[in-house]
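Colleague: Below is one structure. I have some questions about it.
The values are calculated or read from the model by the stated rules, or taken from the named source; none is laboratory data. None of the values given here were measured: they were computed from a predicted structure. When we count neighbours, we look across all protein chains shown, and the Cβ atoms used for this are built from the backbone with ideal geometry, even at glycine. Accessible surface is based on the protein model in full, side chains and every heavy atom, while ligands, DNA and RNA are left aside. Shrake-Rupley method; radii C 1.70, N 1.55, O 1.52, S 1.80 Å.
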Amino acid sequence: MNGFPAEGLRLETLARYQIMDTAAESRFDEIVELIARICETPMAIISLLDEKRQWFKSRIGLDVSETPRDIAFCRHTIGQEKVFVVHDALADPEFADNPLVTGPPHIRFYAGAPLVTVNGVALGSLAVLDRVPRVLSETQTVALRVLSQQVVAQLELRQHLDSLSEMVAEREKAAAKLRTAHGFLEQRVAERTAELQRVNASLREAYDRRVQEAQLSQDIIDSLPGIVYVFDHEGRFVRWNRNFETVTGYSREEMISAHPLDFFARAEDKAMVAERIGEALRSGSAVVEADLRTRDGRCIPYYFNGVRIELDGRLCVAGMGMDITERRIAEETLRLRNRAIQASVNAIIITDLEGDIEYANPAFERITGYPVDEAVGRNCRFLQRDDTEQPGVAALRAAIARREEASALLRNYRKDGALFWNDVHIAPVRGADGVATHFVGVLNDITEIKHYERELERQASVDALTELASRSVLKERIREGIATAQLMETSVAVGFMDLDNFKFINDSLGHNVGDELLKQVAQRLVACLRGQDTIARYGGDEFAFVLTGQKDEAAIAGLLDRILKTIDRPFQIDGHKFFVSCSIGLSFYPKDGRDADTLLKNADVAMYRAKERGRNNFQFYTPSMNQRVTERLSLESKMRQALAGGEFALHYQPKIDLRTGRIAGTEALIRWNPGHGSGLISPATFIPLAEETGLIVPIGEWVLNTACAHHKTLQEAGLPPMRVAVNISARQFEPRSIVKLVREALLASGLDANLLELELTESLVMQNPEDVIKVLHDLKDMGVHLAIDDFGTGYSSLSYLQRFPVDRLKIDQSFVRDIGKDPNDAIIARAIISLGHSLGLAVVAEGVSSIEQLAFLRENGCDEMQGYLFSRAVPMEELQMMLANGKTLAVH
């Protein structure tokens, strides 16, 4: 078992210590408390292991005093020579099922050092425990090992004290025997008393003389510092001074029976002192340093010397011991300070008063590149090279001349010539007379901090994502442009640009794709503008720019048109093709504002006007736009109140089967009636604003739920089942929520999924076709019908169109309106019908308002139509009446 004695010997050794089942002792409790504080654990124990159990001599944090041997962690510790550690008992197969782990006290961490006697016998362990996994630092591990040795020392001391008590008892027995024998000797003593009295008279004179000599000698010994001792070759003390008793706490009687080795606790100290005593007796003298143990258990470092003498015919050792506690403290303090200087991350140098280096720590070489032996003897100015005209250099020279402390920031140079920034502090070193003899310098390499400061400055002026100018830089360039324009009597143009439908891409595909799109947009904008123009990312998907030296508004309009066309080109990101557009607003100094904030605000107002006018265009600011902004904000507020107050209503426009003339379905269209006799508000007024503000999401959810509920009501009224179409906006079409939203609407209303059709615009489905296809299949799997609305107004890829699981194409009413007037519209409508049928899709025409349009659509095989030719969008009650009356359209 790792070289330890056999178990029988171990148990025999443990029994000799007579420690098991003894009362608590402070000496052991103090060690346990100390190791718990050092290791920062809630539990610590001194455990001793016999043949059946683990018994705790001292414990903290445990309620039990013993455990069975077979579950004791100590059983593993005594077989180790080093500290035995279980970082996580639950993760260790050896201990995972241990009752002390699975039950109280729920041990997760254990670290124990074996209690090994001088004879190499492991009696138990000193251990720390915790209820959570952890790791001991090296310092804590060393402390555990050292304090385990202290426990063994205390056990040894306890045993020696017991032995000493036994010796005292034996002595008392011997004294009793002597008293018995004394009676027999009294008679003989009486006989010889007379003779002795005669001899005594002659001896008393000699004795008194010797006593006087001894007292003088003792007074001399007592006056000496430190402790003085004389002991014979058998270790019996012959002489000692009073200070010996004072320091050790032993009485004169105890000194008489003591042995020199009794005053040392550690086994290694005992062995070393015994060797030096032998050396003194053999060679005549010896010295040793060891810890003197006092009666109360304290250990004091002492320096001992001894010389061989002969006293009263006996070979003895005489010597003196000096307390070296202060010397040890000074040595340790000096060692720590030297270690701190050696380990310092800052360079530390010591120079003479002229600045010549006498000492440098290892960090000096690491920072400067100069080996220490190469730097010693040189003046520290060599680190400046030729760069001596620095404010900090003059400040340091003045401080050195005045023998004062000083700090300065210097440009210094490494051995390889590289510049580094040195935050140096110097201070004079004064002797006992207060006169400066040297200087200490601390060199702190702050080059990285300087680099970081420069990077912060760069980040403050550059957008981290797009590397365009920051908002603060943009405003500064506008102010500079205004100042120049005032001198040159020219104008400054400030533009504000926002990407259309960027939030949909960012929300559906994630921020990584959105960020890449913003970077590509930034690159295109830089390519469009001149070098002297400034383009900045203002925030989110908003960009702003300032154009100087442009006098011709037509030229500026041409530039903005170029930006629109550039942004309109497809973007390729991670295998996806994206189409985005932008809206731009422009304001001019001085007619639209005389400061940067006003110009930006008015450009922003113009940008929103561009969005209102269908997006993908630019607008120059006019004062009337502010009124529109006010109206827009008011409309947004009212729209929020309308959603909460139930001011929205659904109207339904019938769809007609062009083969039969019957109503084949309806399209749900929202209406807003704010009341107060103000009439209906057109969807064209509030829907774009709802899209922009995000209100379209809760409004769209209300439309979906209401349309499903209404058509379920029509069924329950006995009318034939009829499909209802609901428009889904780009903001609603969130892949992570749209399927859930539709499913919940169907469940809440009880409407069959086959009777719900979702209309998606062509531009929506082409934003990110691959992701859209997956969502459409999920909806299709539910049984929902799908239609592409406003077909022909956007950009579609036939390869994707074939893959979309849609049921219908809806011809945008812009192509139906001029059928019979514009041959191109007729051609487009005919092509869409042919394309839809070739793909197996039904085709629906919107906005049919004339007999000529109807005839054209029937002639070219269009499947369904809707429009004022048959009916406008009507409230629920009118639709129900229309269905009950069986209203049809004459198609023949």
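Colleague: Quick one: would you say V317 is in a strand (DSSP E or B), over 60 Å from the mean Cα position of the chain (by Cα) and not small (G, A, S)?
Modeller: Criteria met by V317.
Colleague: Does the stretch 813-833 contain at least one residue that is under 15 Å from L658 (Cα atoms) and not in a helix (DSSP H, G or I)?
Modeller: Checked the stretch 813-833: no residue is under 15 Å from L658 (Cα atoms) and not in a helix (DSSP H, G or I).
Colleague: Go through the residues of the stretch 366-388 one by one and say whether even a single one is surrounded by 15 or more Cβ atoms within 10 Å (Cβ to Cβ) and in contact with a Cys (Cβ under 9 Å, 6 or more places away or on another chain).
Modeller: No, the stretch 366-388 contains no residue that is surrounded by 15 or more Cβ atoms within 10 Å (Cβ to Cβ) and in contact with a Cys (Cβ under 9 Å, 6 or more places away or on another chain).
Colleague: Additional query: Which of the residues that make up the stretch 715-733 are part of a loop (DSSP other than H, G, I, E, B) and either free of Cβ contacts under 8 Å to residues at least 12 places away in the same chain or closer than 22 Å to P683 by Cβ (or both)?
Modeller: G718, S729, A730, R731, Q732, F733, listed by residue number.
Colleague: Looking only at residues that are acidic (D, E) and at pLDDT 90 or above in the stretch 70-97, which one is surrounded by the most Cβ atoms within 10 Å (Cβ to Cβ)?
Modeller: First, the residues of the stretch 70-97 that are acidic (D, E): 70, 81, 88, 92, 94, 97.
The next check asks that each one be at pLDDT 90 or above; those that pass are 70, 88, 92, 94, 97.
Numbers: D70: 10, D88: 16, D92: 14, E94: 10, D97: 11.
Among them, the one singled out is D88.
Colleague: Would a scan of the stretch 512-520 turn up a residue that is assigned to a helix (DSSP H, G or I), buried (at least 16 other Cβ atoms within 10 Å of the Cβ) and touching a Lys or Arg at 6+ places or on another chain (Cβ under 8 Å)?
Modeller: Checked against the condition, which is being assigned to a helix (DSSP H, G or I), buried (at least 16 other Cβ atoms within 10 Å of the Cβ) and touching a Lys or Arg at 6+ places or on another chain (Cβ under 8 Å), the stretch 512-520 yields at least one hit.
Colleague: While we're here: Quick one: is M497 surrounded by 18 or more Cβ atoms within 10 Å (Cβ to Cβ) and hydrophobic (A, V, I, L, M, F, W, C)? Even if it seems obvious, please write down each step before you answer.
Modeller: Details: surrounded by 18 or more Cβ atoms within 10 Å (Cβ to Cβ): yes; hydrophobic (A, V, I, L, M, F, W, C): yes.
Yes; evaluated as a whole, the condition is true for this residue.
Colleague: Quickly run through the stretch 255-279 and pick out the residues that are among the charged types (D, E, K, R) and surrounded by fewer than 16 Cβ atoms within 10 Å (Cβ to Cβ).
Modeller: Residues satisfying the conditions are E268, E275.
Colleague: Continuing with this model, one more query. Consider T294 carefully, then state whether it is within 24 Å of R27 (Cα to Cα), open to solvent by less than 60 Å² (accessible area, probe 1.4 Å), among the polar types (S, T, N, Q) and in contact with a helix residue (DSSP H, G or I) (Cβ under 6 Å, 6 or more places away or on another chain). Lay out the reasoning, then the answer.
Modeller: Details: within 24 Å of R27 (Cα to Cα): yes; open to solvent by less than 60 Å² (accessible area, probe 1.4 Å): yes; among the polar types (S, T, N, Q): yes; in contact with a helix residue (DSSP H, G or I) (Cβ under 6 Å, 6 or more places away or on another chain): yes.
Spelling it out, T294 is indeed within 24 Å of R27 (Cα to Cα), open to solvent by less than 60 Å² (accessible area, probe 1.4 Å), among the polar types (S, T, N, Q) and in contact with a helix residue (DSSP H, G or I) (Cβ under 6 Å, 6 or more places away or on another chain).
Colleague: Further question on the same structure: Going through I656, I663, I681 one at a time, which residue ends up being among the β-branched types (V, I, T) and over 23 Å from L755 (Cα atoms)? Walk me through how you get there before you give the answer.
Modeller: Numbers: I656 fails: over 23 Å from L755 (Cα atoms); I663 fails: over 23 Å from L755 (Cα atoms).
None of the others qualify; the one that does is I681.
Colleague: Among what's in the stretch 327-354 and is surrounded by 12 or more Cβ atoms within 10 Å (Cβ to Cβ) and assigned to a helix (DSSP H, G or I), pick the residue that is modelled with the lowest pLDDT.
Modeller: Once the filter is applied, the top-ranked residue is I341.
Colleague: Follow-up question, since we're still on this one. How many residues are more than 60 Å from the chain's Cα centre (by Cα) and not in a helix (DSSP H, G or I) when one looks only at the stretch 849-873? Talk me through it step by step, then tell me what you get.
Modeller: Restricting attention to the stretch 849-873, the residues satisfying the condition of being more than 60 Å from the chain's Cα centre (by Cα) are 849-872.
Adding the requirement that they be not in a helix (DSSP H, G or I) leaves 849-850, 860-872.
So the answer is 15.
Colleague: Are any of the residues in the stretch 60-69 touching a residue at least 40 places away in the same chain (Cβ under 8 Å), open to solvent by less than 10 Å² (accessible area, probe 1.4 Å) and in a loop (DSSP other than H, G, I, E, B)?
Modeller: No, the conditions are met nowhere in the stretch 60-69.
Colleague: Can I ask one more? Take the residues in the stretch 682-715 that are touching a Phe, Trp or Tyr at 6+ places or on another chain (Cβ under 9 Å) and surrounded by fewer than 19 Cβ atoms within 10 Å (Cβ to Cβ), then tell me which one is nearest to R615 (Cα to Cα).
Modeller: Only one residue fits best here, namely T685.
Colleague: Taking E12 as meeting all but one of (1) under 18 Å from L129 (Cβ atoms); (2) open to solvent by 80 Å² or more (accessible area, probe 1.4 Å); (3) free of Cβ contacts under 8 Å to residues at least 12 places away in the same chain, write down the number of the exception.
Modeller: (1)
Colleague: Does any residue in the stretch 426-441 that is hydroxyl-bearing (S, T, Y) come within less than 8 Å, Cβ to Cβ, of a residue that is part of a strand (DSSP E or B) six or more places away or on a different chain, and which pairs are these?
Modeller: Within 8 Å, the pairs are T437/V429; T437/R430.
Colleague: Could you please let me know if F791 is of a type in the set (F, W, Y), within 21 Å of H837 (Cβ to Cβ), out of contact with any Pro (no Cβ under 7 Å at 6 or more places or on another chain) and modelled with pLDDT under 80?
Modeller: So F791 fits the description; yes.
Colleague: For the list (1) open to solvent by 30 Å² or more (accessible area, probe 1.4 Å); (2) within 30 Å of F648 (Cβ to Cβ); (3) not in a helix (DSSP H, G or I), I need the number of the one condition that G840 fails.
Modeller: Answer for G840: the failing condition is (2).
Colleague: Shifting gears a bit: Considering each of G575, G539, G593 in turn, give the residue that is modelled with pLDDT under 90, buried (at least 21 other Cβ atoms within 10 Å of the Cβ), small (G, A, S) and on the phi > 0 side of the Ramachandran plot.
Modeller: It is G593.
Colleague: Also, I was wondering about something else. Quick check on the stretch 458-467. Is at least one of its residues over 30 Å from K774 (Cα atoms), open to solvent by 60 Å² or more (accessible area, probe 1.4 Å), basic (K, R) and more than 38 Å from the chain's Cα centre (by Cα)?
Modeller: No; the residues of the stretch 458-467 include none that is over 30 Å from K774 (Cα atoms), open to solvent by 60 Å² or more (accessible area, probe 1.4 Å), basic (K, R) and more than 38 Å from the chain's Cα centre (by Cα).
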